[in-house]
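The values are calculated or read from the model by the stated rules, or taken from the named source; none is laboratory data. Predicted, not measured: the structure shown is a model, and the values here were computed from it. Virtual Cβ from ideal backbone geometry, glycine too; neighbours counted across all protein chains shown. For the accessible areas, the whole protein counts, side chains as well, though only heavy atoms, and no ligand, DNA or RNA atoms are used. Shrake-Rupley method; radii C 1.70, N 1.55, O 1.52, S 1.80 Å.
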Amino acid sequence: MSSEMQHIQWFPGHMTKTRRKIEEVLPIIDAVAEIVDARIPLSSRNPDLADIIKDKPLMILLNKCDMADPAQTALWIEHYKNQGIAAVPVDCKTGKGIGNFKEKIKDTLADKLEQYRAKGMVGKPLRVMVVGIPNVGKSTFINRIAGNNKAKAENRPGVTRGNQWVTIDKQLELLDTPGVLWPKFEDQTVGERLAFTGAVKDAVLDIELLAVRLIENLKESYPQLLTDRYNLTSLEDEPYDILCAIGKKRGMVIRGGQTDTERAAVMLLEEYRNCKIGRITLERVCDNA
Ligand code: G4P
């Protein structure tokens with residue numbers, strides 16, 4: 001990632017503030033639901049979260065699963081399960097998987113509900129903090145799960161002002177992350193993958209370079225989808241030459257017969273983001289080693 005992006009978007013002070021705010025609310029929540037982007041389940045996480053939430057039960061929502069490779073999503077779910085973490089695929093745009101989330105979180109916290117009952121705290125709802133890096137779909141998720149109840153933001157006595165609580169049903173209340181949770185911006189690959197998905201603005205990046213890197217990634221993990229979409233005969237050329245070939249196929253030619261690679265790059269990224277190339281997951285369970 002360009003150092004520009006770090007300067008524009010990343011201020012270490014933000015994370016320190018968020019960390020403090022999360023630590024303040026930890027004692028009153030029962031679990032954390034982390035939303036990640038199913039297309040990039042590693043890069044769309046906050047690197048400090050595990051350390052901040054310590055032993056609070058964690059659940060993972062693989063959001064935007066409508067755009068991810070279903071076979072890879074299934075492997076990720078299995079992977080988290082093996083780590084003792086409940087994970088569900090969700091598509092917040094249509095609401096698919098939201099019901100599963102409600103069920104799974106109550107399953108995960110069944111002991112807690114039992115404890116509340118045993119202590120006579122009948123009717124005490126489970127309180128779950130929802131976290132996620134910007135653009136991962138947190139607002140869409142909260143609005144979707146709140147459904148017709150209409151997102152009800154409340155301030156609770158004894159809790160820092162401004163915290164947004166949403167009542168889902170008698171057994172479940174959600175707290176929106178107090179603060180902004182950042183990805184691991186200092187890692188170039190992470191920045192690049194976030195840029196592929198559009199989570200980071202293009203304006204601060206070299207669009208052609210980004211497209212070339214995307215081609216490199218697709219060449220490795222989804223060669224067939226790439227050749228099919230752009231009618232390419234082979235992927236043996238250098239990624240930049242492949243970008244030229246893609247542009248040419250789409251008639252993006254400028255004076256002198258050269259390919260308009262900038263236009264081709266914008267088009268390629270847009271098509272990737274709109275799932276026109278296919279359902280693609282750029283991070284595999286084995287990358288997690
Ligand atoms: P945030 O609060 O975490 O920052 O993210 P937000 O909900 O604003 O979602 C960011 C973008 O991701 C939005 O698109 C939203 O519609 C989209 N999105 C969220 N969940 C899903 C999902 O499960 N599948 C798909 N395909 N998209 C999802 P946008 O382009 O910013 O806005 P719009 O297209 O909704 O107008």
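Points to keep in mind about this one:
- Carbon plus sulfur fraction of accessible area for the chain, probe 1.4 Å, in percent: 48
- Cα gyration tensor category, rounded, prolate or oblate, for the range 15-176 with a/c compared to 1.5: rounded
- Residues whose amide H comes within less than 5 Å of that of THR259, counting only those at least five positions distant or on another chain, are ILE254 (H built at 1.01 Å from N in the peptide plane).
- Using θ = phi - 60° in the Karplus curve 6.51 cos²θ - 1.76 cosθ + 1.60, the 3J(HN,Hα) couplings for the range 48-59 round to 9, 4, 4, 5, 6, 8, 6, 9, 5, x, 10, 10 Hz; x is entered for Gly and Pro.
- Proximity of backbone amide H atoms, modeled 1.01 Å from N, is registered between SER44 and ASP37 at under 5 Å, excluding neighbours fewer than 5 places apart on the same chain.
- A 1.4 Å probe, protein heavy atoms only, puts the accessible area of ARG229 near 80 Å².
- Rg over Rh [alpha-carbon atoms, Kirkwood Rh] for the range 6-101: 1.00
- In this structure the chain gives 50 Å² per residue of accessible area when probed at 1.4 Å with all protein chains present.
- Which of ASP37, ASP66 is most accessible, then next, and so on - probe 1.4 Å: ASP66, ASP37
- Solvent accessible area, Å² - GLU270, 1.4 Å probe, full protein context: 100
- Residues with amide H under 5 Å from that of LYS96, placed H, sequence gap 5 or more: ASP91
- When you filter the trypsin sites (Lys or Arg not before Pro) in the range 98-135 for DSSP loop state and at most 12 other Cβ atoms inside 10 Å of their Cβ, you are left with LYS119.
- With DNA, RNA and ligands ignored, accessible area of GLU78 (1.4 Å probe; Å², nearest 10): 90
- Considering all different alpha carbon pairs of the chain, the Kirkwood hydrodynamic radius works out to 20.6 Å.
- At q = 0.14, 0.15, 0.23 Å⁻¹, base-10 log of I(q)/I(0) for the range 166-271 (Debye sum, equal scatterers on each alpha carbon): -0.63, -0.68, -1.25
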